1. Looking at (1) within 17 Å of Glu50 (Cβ to Cβ); (2) among the aromatic types (Phe, Trp, Tyr); (3) not in a loop (DSSP other than H, G, I, E, B), which is the only condition Phe97 fails?
2. Quick one: in region 70-92, of everything that is part of a strand (DSSP E or B) and surrounded by 12 or more Cβ atoms within 10 Å (Cβ to Cβ), which residue is farthest from the chain's Cα centre (by Cα)?
3. Give me the pairs, please: first residue somewhere in region 59-75 and under 14 Å from His110 (Cβ atoms) and small (Gly, Ala, Ser), second residue anywhere and assigned to a strand (DSSP E or B) and modelled with pLDDT of 75 or more, beta-carbon distance under 9 Å, and either six or more positions apart or on two chains.
4. In this structure, does Arg31 turn out to be modelled with pLDDT of 80 or more, open to solvent by 80 Å² or more (accessible area, probe 1.4 Å), closer than 23 Å to Val133 by Cα and among the basic types (Lys, Arg)?
5. Give all pairs with beta carbons closer than 9 Å in which a residue from region 77-98 that is farther than 15 Å from Ile128 by Cβ and in contact (Cβ under 8 Å) with a residue 40 or more places away in the chain meets a residue that is open to solvent by 30 Å² or more (accessible area, probe 1.4 Å) and basic (Lys, Arg); count only pairs at least 6 apart in sequence or on separate chains.
6. For Thr127, state whether it is at pLDDT 85 or above, among the β-branched types (Val, Ile, Thr) and either in a loop (DSSP other than H, G, I, E, B) or surrounded by fewer than 16 Cβ atoms within 10 Å (Cβ to Cβ) (or both).
7. Does Gly51 meet the test of being modelled with pLDDT under 75 and surrounded by 11 or more Cβ atoms within 10 Å (Cβ to Cβ)?
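The values are calculated or read from the model by the stated rules, or taken from the named source; none is laboratory data. From a predicted model like this one, the values you see are computed outputs, not experimental measurements. All Cβ positions, glycine included, derive from the backbone under ideal geometry; neighbour counts span all protein chains shown. Quick note on the areas: whole protein, heavy atoms, side chains included, nothing else; ligands and nucleic acids left out. Shrake-Rupley method; radii C 1.70, N 1.55, O 1.52, S 1.80 Å.
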Amino acid sequence: MRCLMTDGHGDPNTSPALADAIAALYPVAYRLKFASKRDLGRDYVVPPLEGLWWARQPTRLDDVRFQTLREGRCVQTLHVGSFDDEAAVLTQLHHAFIPSKGLRMAGRHHEIHLSDFRRTAPEKQRTILRQPVTAKAQTAARPGGVTRRGG
C-alpha cells in the first residue's frame with residue numbers, strides 16, 4: 001500500500017504526539033484528494049487513520065512522507081472499546097491465536113482506527129488490530145531418522 005506516514009512516540013492514549021501526527025496527516029491527505037479530483041478527475045475516500053506501534057519508537061515527529069507499506073500475511077480482529085482495553089485482546093491474539101495456527105509474529109503491530117477517537121466515546125471506538133505473521137518453521141522427519149527444518 002502507498003501511504004502518507006509520519007513517526008512519533010509515546011503512549012497513543014495520552015501523547016500529544018498523536019494529535020500532532022493527525023494534525024499533520026489529515027490536511028495533506030485532503031489536499032491530495034481534492035487535487036486528484038480537480039486535476040485528474042479521480043475522487044476517492046480518505047481512508048481511516050492507521051497506526052503502527054512498537055516498543056522502540058523514534059523520539060520526534062517527522063514530516064509527513066509518502067511511502068510503500070508491505071505487510072504481507074496478517075491476522076486481525078475488530079476491537080470495540082477503549083484503547084486501554086486492547087491489551088487483553090492483543091495478549092490473546094499474540095500468545096494464543098497466532099501460535100495455535102502454526103504462525104509467528106513477523107512485523108510491527110498495526111491498528112486501523114475506524115472511529116475518530118476525538119469524537120467517539122471510548123466504549124464505542126472501533127479499531128482493527130492487525131499483526132503481520134509468517135508460518136513457523138516446522139520440523140519434519142526424513143527417512144533414516146534425519147531431521148530437516150522448513151516452513
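1. All conditions are met except number (1).
2. Val80
3. Qualifying pairs under 9 Å: Gly72/Pro132; Gly72/Val133; Gly72/Thr134.
4. no
5. Close Cβ pairs (under 9 Å, with a partner that is open to solvent by 30 Å² or more (accessible area, probe 1.4 Å) and basic (Lys, Arg)) do not exist here.
6. no
7. yes
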